[in-house]
Amino acid sequence: MDILCSDLEGIFTPEIWINFAEISGIEELRLTTRDISDYDVLMKRRLAILDENHLKLADIQTVIAKMEPLEGALEFLDGIRSVMQVIIVSDTYVEFAGPLMEKLGRPTLFCNTLTVMPDGSIGGYNLRQPDGKKKVALALKSLNYRVIAIGDSYNDISMLKAADRAILYRPPNNVKKEYPEFPAVFNYDELKQRLLEMIDPMNK
């Protein structure tokens, strides 16, 4: 039985931190795991910037509440969920994800949490487990699922490598160049076609 594990931001929603960077005017917050492969380095820098600028969780949540999924994302998800189970595996946070999950029809989401201080500032982040994306793929394989993975950034690569089949969706040139073993597609029609080709005929 096939199951799809997909990243969230850049696949089905805009990048939250990029949107917040545009609203706040803090250019450095545009950096994502497409640019920096070490997630801990990236998050510690983000949290330091928030602290330096006296920005709190509520400031970010206000931006997220106004965000919409990428055009065609909900229709794509609805179509794929008619032929296989889908799990969103993301490095985002429970405190960020709610409004966007609602707009995507509430797919199953595995993600992380934030440490929120009494004054509403973000004191730290808490990974559900180290290398959690890879471990989701391996755990599902141990349950005799055939895992197909979708990602676009450095932090997705271990999941893609652990999966039975994998696809890069709209990856930046640096990621595409470094990982040519994964097919790359650039719109939902191409992605759907590639997934349907990968699905076990017994599931169709």
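For this structure, a couple of remarks:
- Residue list for region 1-11, filter: farther than 17 Å from Y154 by Cα and in contact with a helix residue (DSSP H, G or I) (Cβ under 6 Å, 6 or more places away or on another chain): D2, I3
- Within region 164-187, tally of residues that are within 16 Å of the chain's Cα centre (by Cα), under 24 Å from M1 (Cβ atoms) and either part of a loop (DSSP other than H, G, I, E, B) or touching a residue at least 60 places away in the same chain (Cβ under 8 Å) (or both): 1
- For region 109-127, the tally of residues that are more than 18 Å from K44 (Cβ to Cβ) and outside any strand (DSSP E or B) stands at 3.
- Test: residue in region 96-113 that is of a type in the set (D, E, K, R), more than 28 Å from I60 (Cα to Cα) and surrounded by fewer than 19 Cβ atoms within 10 Å (Cβ to Cβ): no
- Residue list for region 64-91, filter: within 20 Å of I122 (Cα to Cα), surrounded by 18 or more Cβ atoms within 10 Å (Cβ to Cβ) and without any contact (Cβ under 8 Å) to a residue 60 or more places away in the chain: I64
- Residue count for region 141-156, restricted to those that are surrounded by fewer than 22 Cβ atoms within 10 Å (Cβ to Cβ) and not in a loop (DSSP other than H, G, I, E, B): 3.
- Test for K134: is it of a type in the set (D, E, K, R), surrounded by 19 or more Cβ atoms within 10 Å (Cβ to Cβ), more than 12 Å from the chain's Cα centre (by Cα) and over 30 Å from A58 (Cβ atoms): yes
- Residue selected from region 87-114 under the condition among the acidic types (D, E) and in contact with a helix residue (DSSP H, G or I) (Cβ under 9 Å, 6 or more places away or on another chain), by the criterion modelled with the lowest pLDDT: D91
- Considering I18, I88, I64, I60, the condition of being under 26 Å from V147 (Cβ atoms) and among the aliphatic types (A, V, I, L, M) is satisfied by I88 alone.
- Residue match in region 5-26 (condition: more than 27 Å from N173 (Cβ to Cβ), of a type in the set (D, E, K, R) and within 18 Å of the chain's Cα centre (by Cα)): no
- Boolean, L47 is in contact (Cβ under 8 Å) with a residue 60 or more places away in the chain and more than 20 Å from F186 (Cβ to Cβ): yes
The values are calculated or read from the model by the stated rules, or taken from the named source; none is laboratory data. From a predicted model like this one, the values you see are computed outputs, not experimental measurements. Every residue, glycine as well, gets a Cβ built from its backbone with ideal geometry; the counts of neighbours run over all protein chains shown.
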